[in-house]
1. Under 6 Å by Cβ, and 6 or more places apart or on different chains, what pairs join a residue from segment 73-90 that is under 13 Å from LEU102 (Cα atoms) with one that is β-branched (Val, Ile, Thr)?
2. Looking at (1) open to solvent by 80 Å² or more (accessible area, probe 1.4 Å); (2) at pLDDT 90 or above, which is the one condition that is false for GLN43?
3. If GLU80 satisfies all but one of (1) of a type in the set (Asp, Glu); (2) open to solvent by 90 Å² or more (accessible area, probe 1.4 Å); (3) modelled with pLDDT of 80 or more, what's the number of the condition it fails?
Amino acid sequence: AKKKVRQLLAKLSERDGKIAELTLKLEAKASKSGKDPGRVAKQRAQIVAQLEEHLAQMQQDLSASQAELDDLVAKHRSKEQELFALAVEERDPEGIHSLALLGLQVQDRKNSTEELMQKIKELENQLEDQRSMIV
């Protein structure tokens, strides 16, 4: 998790540099076309910065979701091993029900994690589109 955070921070730092670079390019392009380069550059930079912040938050949410998933999977495996260590007639129906509920929670968390990954990908594409408008 710490490694993931460091990677995310490095990416954000790299993107901040790219935003500054793109802002300069936009200002140069706007000055050639006669538009107010400062206003146009600020608007695009604000859009990109907002998307970057949203993306960073979504990536943090993804990390938390993945940690929850890992925890649920570990609990499910533990409960499964606990139940399967018992003879069939010794297995408690409540324990079996608990295992089934954990299985559903694992599946729900997997689905939500996959959805979040898809949304992150879509946001990354949107961010790329916004950056291309700057250049």
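The values are calculated or read from the model by the stated rules, or taken from the named source; none is laboratory data. Not measured: the values here are computed from a predicted model. Positions of Cβ are backbone-derived with ideal geometry, glycine not excepted, and every protein chain shown enters the neighbour counts. Note: areas computed on protein heavy atoms with side chains; ligands, DNA, RNA excluded. Shrake-Rupley method; radii C 1.70, N 1.55, O 1.52, S 1.80 Å.
1. VAL73/VAL106; HIS76/VAL106
2. (2)
3. (2)
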